[in-house]
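Please treat every number below as a calculation from the coordinates, not as lab data. All of these numbers come straight from a predicted model, not from anything done at the bench. Quick reminder, even Gly has a Cβ in these numbers, built from the backbone with ideal geometry, and neighbours come from all protein chains shown.
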There are 2 protein chains.
Amino acid sequence: MTPQTSTALHLSGHSIIAGEQVTGTGRTVNGWNPASDEPLEPAYTLIDEAQLKQATTAAAEAAASFAALDPQTHAALLESIAENIEAAGEELSNRVQAETGLPEARVTMERGRTANQLRLFASVVRAGDHRGVRIDPAQPDRKPMPRPDVRQRKIPVGPVAVFGASNFPLAFSVAGGDTASALAAGCPVVFKAHNAHPGTSEIVGKAITNAVGQVGLHPGVFSLIYGPGASIGQALATDPAIKAVGFTGSRMAGTSLMVAAAARTAPIPVYAEMSSINPVFLLDGALDIDESGLSDLAAAYVASVTGSSGQLCTAPGLAFVPRGAQGDEFLAKVSETVSATIGQTMLTRSIADSWNAGVEQLSAQTGVEVVGRGAPGSTRNAPAPVILQAELHHFTGNPVLHEEVFGAASLVIRYESLSDLTEAVSHLEGQLTATIHCTPEDHSKAAALIPQLEEKVGRILFNGWPTGVEVNHAMVHGGPFPATSDVRTTSVGALAIERFLRPVAYQNAPEGLLPQALQPENPWQLNRRVNGVLDSQG
Amino acid sequence: MTPQTSTALHLSGHSIIAGEQVTGTGRTVNGWNPASDEPLEPAYTLIDEAQLKQATTAAAEAAASFAALDPQTHAALLESIAENIEAAGEELSNRVQAETGLPEARVTMERGRTANQLRLFASVVRAGDHRGVRIDPAQPDRKPMPRPDVRQRKIPVGPVAVFGASNFPLAFSVAGGDTASALAAGCPVVFKAHNAHPGTSEIVGKAITNAVGQVGLHPGVFSLIYGPGASIGQALATDPAIKAVGFTGSRMAGTSLMVAAAARTAPIPVYAEMSSINPVFLLDGALDIDESGLSDLAAAYVASVTGSSGQLCTAPGLAFVPRGAQGDEFLAKVSETVSATIGQTMLTRSIADSWNAGVEQLSAQTGVEVVGRGAPGSTRNAPAPVILQAELHHFTGNPVLHEEVFGAASLVIRYESLSDLTEAVSHLEGQLTATIHCTPEDHSKAAALIPQLEEKVGRILFNGWPTGVEVNHAMVHGGPFPATSDVRTTSVGALAIERFLRPVAYQNAPEGLLPQALQPENPWQLNRRVNGVLDSQG
């Protein structure tokens, strides 16, 4: 018997606070298998606010020692978490599948992405550029006043509260991007488990807890709590020990955290990734292709809409298709393709119910027609994918047509001209992505759209589809409200670490009191900016 | 007759909106000479909300073309503003002195700082590191999926509303740090003039307006408005065209802007620098000096408290002095020194009145005693500097002793031990600075204090005084609330530019559509991060 297969036997059904199992005093919740529509064991006990305080207090106690670690140790923690998650093997994969209805291949890919993400952050932490070291050495002879020695580095903001998403039970959950980037910055994490995948959360929470122990850190560096959704979330976001919030989920839940954090005596940053319909603009040239090309393009669109049951933050909920024969032909292919799809089980009963309600509401709006609809899947929670269409004036005149319907649905808008598109874009809310399909003859139109799109989105793609977010150094998974709460950053990719850092300057510090990152001999071999010029360590 | 001396003749008394004089429809306000306690001509007309809309609309119209400029042109604008301010010469200096009561030498120094700051930002813009370019090139052969080409750059957030401070009529006002960093980032600025120095504001506003014209930019890049304080401020911070706010001033006004910005449908960042008492910790070794050394130290403390009438954000409002003979002797010297001071005219009547009320309230608190008090100056608004003292338990138990009294006042707390200091620090609110005076034998105590201070302040100084903020690459003029509204940044120094930028990624963009910063041939010769590694252009 391998250690992996024994994990399930040990699912405790309790929170892990600073390394200790804590039995919640509140009611219990069970995971739920959305395919069989049945509960999963064990029941998870929900903590109360006094128990929450144990977690935030431990995080505050761990903050100083965790902040002070050298880059190697921070990196080792991240790598150890990645190893432990991989070691959880089939047990983890099976539990994810049972709790989410996601197919094995997707779960395997997501686990790989989660581990790679932790290793990417480890490499960034080792290089140490995130410390943002700037040194302006003293000039004792400067007139009229000597110039002081001023040295700046970025330090962790302090304990971070993270709320996981339902749709990425690994990559945006317990050891997901927010946790990984907060730990990489040197911030303890108090993680509020998503009640849709409690068992997955516990397995990953143990992987992190074990890594904290293996690296020999203060156990308050990480806590995993199960609590009653909204109320414990508000308590967490307003706890004085918490210095920043990471969140992925609905616009309603995200904005309620923003409001709570802004109402604190000392407001804190909230990084909430919420709502996006990810418009796709098909320009004329991109459709000036043969029938087989149009089929492929339609298939790719439908695949991006329906993949993972459409439960992706970057799913294309909106597509602009030119009027004319090629556009008609493309839509005919889309209709054909989507009609051949079969609904996949959605993550939870309530998500499937919300999707049904959202599609019903959208379909009922004036001018909205069906392009094509697939067949429902065999489970209760596998509604039929659908693609709808409407006229531009319906879209610009009706806010309902701008709302995200989380799941496999998309709305096509037919357009005549560039000015139709600029008109449409001017009505768009903030988005994670926008996508332009174009050929060189469309470039002048694309060039006119791009500056307008830059004001609305965090990422502009060309001749592809927005689903499938690379985790790398250059990615931006962000954008203006309501895509996110904070346009200045990203929740995916290396830049995400900077969300949890703040600069501190040291003036005329005696050498013996300088932090290592700032010492003259540069013991951590960091790239540093000296008098404004990068001093690269190669 | 030189152009400089003719400027005063041309003070219009009106707002400058997108290059045009606009006569406000509201009441008028006059500048006021705080030394003579008399109004200054001309009267300034205050605009209404419809007129404000002209400014924000023009800023929105200018945003795209201003954002798209090459680094040379952005830098040229900043340098042109610096030149125009210097060219305003004596006329400007005289008006500043008349409106603020600040002495000529201070005004000359501040003008130099303002121009140098603009030139520092120009040099940063030319180097272009603030664009934060990251490139992860495509890997078409990666399995299982090809890796896309992803390129990130930072773009301006959009039009910025800036509110000037009363205490730096040049360096933190119309062409001050917030304006300079917003323009450097490529954001149009709508500047709300501080009604305490309207003439100074107009002269500098013209310098900027002329520079915008000289460089050939859209006039909406800059507007200077005069309006009724709080109401126009709220309208400006909630205008949909405005994408960020820079503010320096009182805690009350700053928090009201934070609340207004957070309540927008799409909240925006507010960078408010508000309130700080800048604790100074004198450790034993630093006082283990002879009588002449103690005199010098006392003189330096009193000078930092009383300089510019104490009207500096970083003035040391709090000093921790050890019990014992050396501490007693130091305080005797402080008493002697401050008793010999004479009050200098404060910036405005209301600031002087607030100072009087603040000192009266502080003096009336249980346990607060006078260490020494100077003589009032000869004008109405030149109250006598004062240094008070209290016991540690009074300080930790009474929030009034933590409040900033803006002006030449400071509170001394006597302490016994390191644990007294850590206890005191644990009660401190967020601060711009903390200062430690120490010798090598104090280093273990200092090392214990530093991590605790890092959580509370933006800058830690050693063996000096916090007033006199260097404008350089490494400075941090920031800190936790209420020092500022946003702990992630600084309002002085090169890092300030980053407040007004946001990242955007471009995925698989055709070369012809890539922004110049991201083009393969690197036409702007920027330092770029390729696959996470800095590719320095030297």
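Computed over the Cα atoms, what is the radius of gyration of the range B:121-195 divided by 2.2 N^0.38 Å, N being its residue count?
1.69
Give the order of B:Thr23, B:Thr114, A:Thr57 when sorted by the count of other beta carbons within 10 angstrom, beginning with the fewest.
By the 10 Å Cβ count, ascending, the order reads B:Thr23, A:Thr57, B:Thr114.
Compute the FRET efficiency between A:Ser65 and B:Glu441 as 1/(1 + (r/R0)^6), taking r as their Cβ-Cβ distance and R0 = 25 Å, and round to the nearest 0.05. Walk me through the intermediate numbers first.
Working: r = 26 Å, r/R0 = 1.03.
So the FRET efficiency works out to roughly 0.45.
Work out how far the C-alpha atoms of chain B reach from end to end along every principal axis, then list the three figures in whole Å, largest first.
75, 65, 44
What FRET efficiency comes out for the pair A:His10/A:Met252, r = Cβ-Cβ distance, R0 = 41 Å, nearest 0.05? Don't skip to the end; give the middle numbers.
Working: r = 35 Å, r/R0 = 0.86.
For A:His10 and A:Met252, the calculated efficiency is 0.70.
Need one number: nm distance between label points at B:Arg380 and B:Glu90, each 7 Å from Cα along Cα→Cβ, rounded to one decimal.
Computed distance between label sites B:Arg380 and B:Glu90 equals 2.9 nm.
Give me the compactness ratio for the range A:199-248, meaning the Cα radius of gyration over 2.2 N^0.38 Å.
Cα-based Rg divided by the globular estimate yields 1.30.
Report the full-extension gain for the segment B:Lys53 to B:Asp353: residue separation times 0.36 nm, less the Cα-Cα distance, to one decimal in nm. List each step's numbers first, then the result.
Details: separation 300, 0.36 × 300 = 108.00 nm, distance 3.45 nm.
Length gained, B:Lys53 through B:Asp353: 104.5 nm.
Answer rounded, prolate or oblate for the range A:230-316, using the Cα gyration tensor with square roots of eigenvalues a ≥ b ≥ c: rounded when a/c is under 1.5, else prolate when a/b is larger than b/c, else oblate.
Because a/c hits 1.5 or more and a/b exceeds b/c, the range A:230-316 counts as prolate.
Excluding the sites themselves, what is the longest stretch of chain B that contains no trypsin sites (Lys or Arg not before Pro) in a DSSP loop with at most 16 other C-beta atoms within 10 Å?
My reading of the result: B:381-538 is the longest stretch.
At 0.36 nm per residue, minus the direct Cα-Cα distance, what do B:Asp296 and B:Glu329 gain on full extension? Give it in nm, one decimal, please. Before the final figure, lay out the partial values.
Working: separation 33, 0.36 × 33 = 11.88 nm, distance 1.22 nm.
Computed gain between B:Asp296 and B:Glu329 is 10.7 nm.
Of all the residues in chain B, which one has the C-beta that comes nearest the axis relating B to A, and what is the distance in Å?
B:Ala262, 2
7 Å along Cα→Cβ for the label point: how many nanometres lie between B:Ala138 and each equivalent label in the other copies, listed shortest first?
5.5
Work out how much length A:Arg142 to A:Glu369 would gain on full extension: take 0.36 nm times their residue separation and subtract the Cα-Cα distance, in nm to one decimal.
74.3 nm
Mean projection of the alpha-carbon convex hull of the range B:56-123 over all orientations, in nm²?
Directional mean of the projected Cα hull area for the range B:56-123 stands at 5.7 nm².
Obtain the radius of gyration and the Kirkwood radius of the range A:62-168 from its C-alpha atoms and give Rg over Rh.
A ratio of 1.22.
At each listed q (0.13, 0.19, 0.21, 0.26 Å⁻¹), what is the log10 of I(q)/I(0) that the Debye formula gives for the range A:286-363 modelled as equal alpha-carbon point scatterers?
After summing over all Cα pairs, the log10 values are -0.46, -0.88, -1.01, -1.29.
If R₀ is 45 angstrom, what is the calculated FRET efficiency for the pair B:Glu20 and B:Asn463, using the beta carbon separation as r and rounding to 0.05?
The formula returns an efficiency of 0.30 here.
Treating only the Cα positions of the range B:279-462 as identical point scatterers, give the base-10 log of I(q)/I(0) from the Debye formula at each q in 0.13, 0.15 Å⁻¹.
-0.62, -0.84
Nm distances between the label at A:Glu41 and the same-position labels in the remaining copies, 7 Å along Cα→Cβ, shortest first?
So the distances to the same position in the other copies read 9.3 nm.
Report the label-to-label distance for B:Glu391 and B:Ala43 in nanometres (one decimal), using points 7 Å from each Cα along the Cα→Cβ vector.
So the label points at B:Glu391 and B:Ala43 sit 5.7 nm apart.
I need the chymotrypsin sites (Phe, Trp or Tyr not before Pro) found in the range B:203-308, filtered to DSSP loop residues with at most 14 other beta carbons within 10 Å of theirs.
Working: sites: B:Phe222, B:Tyr226, B:Phe247, B:Tyr271, B:Phe281, B:Tyr301; in loops: B:Tyr226.
The qualifying sites: there are none.
Starting from 0 in steps of 20 Å, tell me what percent of the Cα-Cα pairs of the protein assembly as shown lands in each bin.
With 20 Å bins starting at 0, P(r) equals 13, 42, 34, 11, 1.
Taking H as built 1.01 Å from N, whose amide H comes closer than 5 Å to the amide H of B:Ile155, not counting residues under 5 places away?
B:Arg502, B:Val504
Can you give the helix-only mean residue ellipticity at 222 nm for chain A, where every DSSP H stretch with n ≥ 4 adds -39500 (n - 2.57) and the sum goes over all residues, rounded to the nearest 500 deg cm²/dmol?
On the way: 16 runs with 202 residues, N = 538.
After summing the helix terms and dividing by residue count, I get -12000 deg cm²/dmol.
I want the local charge near B:Ser250. Using Cβ-Cβ distances under 12 Å, sum +1 for each Lys or Arg and -1 for each Asp or Glu among the other residues.
-2
State, to one decimal in nm and shortest first, how far the label point of B:Gly216 sits from each corresponding label point in the other identical copies (label point: 7 angstrom along Cα-to-Cβ).
6.5
Taking only the C-alpha atoms, wrap a convex hull around the range B:117-160 and report its volume per residue in Å³ as a whole number.
Residue-normalised Cα hull volume stands at 84 Å³.
To the nearest Å, what is the center-to-center distance of the range A:113-160 and the range A:56-112, using C-alpha atoms only?
Here the two parts' Cα centres lie 26 Å apart.
What value in Å³ per residue do you get for the convex hull of the alpha-carbon atoms in the range A:397-538? If you can, show how the numbers build up before the last one.
Values: hull volume 26.7 nm³, N = 142.
Spelled out: Cα convex hull of the range A:397-538, divided by residues, is 188 Å³.
Using the 10 angstrom Cβ neighbour count as an exposure proxy, how do A:Thr108, A:Thr200 rank, fewest first?
A:Thr108, A:Thr200
Please work out whether the range B:356-474 counts as rounded, prolate or oblate from its C-alpha gyration tensor, where a ≥ b ≥ c are the square roots of the eigenvalues and a/c under 1.5 means rounded, while otherwise a/b larger than b/c means prolate and anything else oblate?
On the way: a/c = 2.01, a/b = 1.37, b/c = 1.46.
Cα axes put the range B:356-474 in the oblate bin.
Cα convex hull of the range A:158-281: how many Å³ per residue?
So the per-residue Cα hull volume is 113 Å³.
Counting other C-beta atoms within 10 Å, which of B:Trp465, B:Trp32 has the fewest, and how do the rest follow? Let's see the in-between values first.
Numbers: B:Trp465 21, B:Trp32 24.
Least to most surrounded, the residues fall as B:Trp465, B:Trp32.
Three principal axis extents, largest first, for the C-alpha atoms of the range A:439-517, in Å?
63, 26, 25
Greater than 24 Å separation of Cα atoms is the criterion. Which listed pairs, B:Lys192/B:Lys243; A:Lys154/B:Lys154; B:Lys333/B:Lys456; A:Lys53/A:Lys243, meet it?
Those over the limit are B:Lys333/B:Lys456.
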